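Below: one structure, written as structure tokens.
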Amino acid sequence: MSKKKLWLRSAASAAVLALALTACGGSDEEDGAATTGKGGASQEKEPGKGEAEKGEAGKAEGGKGGELAAGEKATSAFDEDGTEVTYEIVAEKVDVGTAEDTKKLVSDPKKAEGLVPAVAHVEFTVKDGGPVADYPDVGGEIEVHADGQRGTILIGASEDAPGCESTSDIKNWKAGESHVICDTFMVPETAKELTVQWAADRDADPFVWSFQNS
């Protein structure tokens, strides 16, 4: 697991953020999120969507991946730059922006015509291991899919979005502590179902939380 690139943090201060048009599978650089503008709709989890392999009620254990119902928490080991950490993970919501937000966030709006930003809010809690000294990588594995297709990550900073935390501010992360890390993907404005997906690595089956985009 590579440490996140500091130049991405510098890019966060730019007035206009660049659209990463590499819509290939797998996760892009960590902290590749940006804020939606005001008026973005918060999409709630679809109740009772799927079941995962579970240990205790309401949790998916062992990092095996699968679909999770509303509020279900996944547990998975993760390599934080050589430090083994076990996280409890839950996607809280997806904030969907508007076409006006796209114009503000993308340097060339023509490349993002018909797309809107979708900000995934994911809470991570250290269950075991650590502490994570600084710059946690775990949020870099967040993905947003729209109607079954992976969205296009928006390079920039998500920490300005309400309820999102900057990974540069998270230091000495100990067991029992929770942080909400966000990532932003551009998705079709007409998408009906959004899923937030997370996996410990690209070869693992992801945990999947579903949201309806009304």
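Since every read-out is calculated from the coordinates, none of them should be taken as a lab result. All figures in this text were calculated on a predicted structure; none of them were measured in a lab. Neighbour counts run over all protein chains shown; Cβ positions are idealised from the backbone, glycine included.
Summary table
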read-out: 5 angstrom amide H check on Ala191, placed H, neighbours 5+ away; value: none
read-out: From phi via Karplus (6.51, -1.76, 1.60), per-residue ³J(HN,Hα) for the stretch 68-79 in Hz, x at Gly/Pro; value: 10, 7, 4, x, 6, 10, 9, 10, 8, 6, 8, 8
read-out: Charge-dipole axis of the stretch 82-214 as Lys and Arg at +1 and Asp and Glu at -1 on Cβ define it, positive-most pick from Asn172, Gln197, Pro109; value: Pro109
read-out: Hz values of 3J(HN,Hα) by residue in the stretch 199-214 - Karplus curve (6.51, -1.76, 1.60), Gly and Pro given as x; value: 9, 5, 7, 5, 8, 8, 5, x, 7, 10, 10, 9, 9, 9, 9, 8
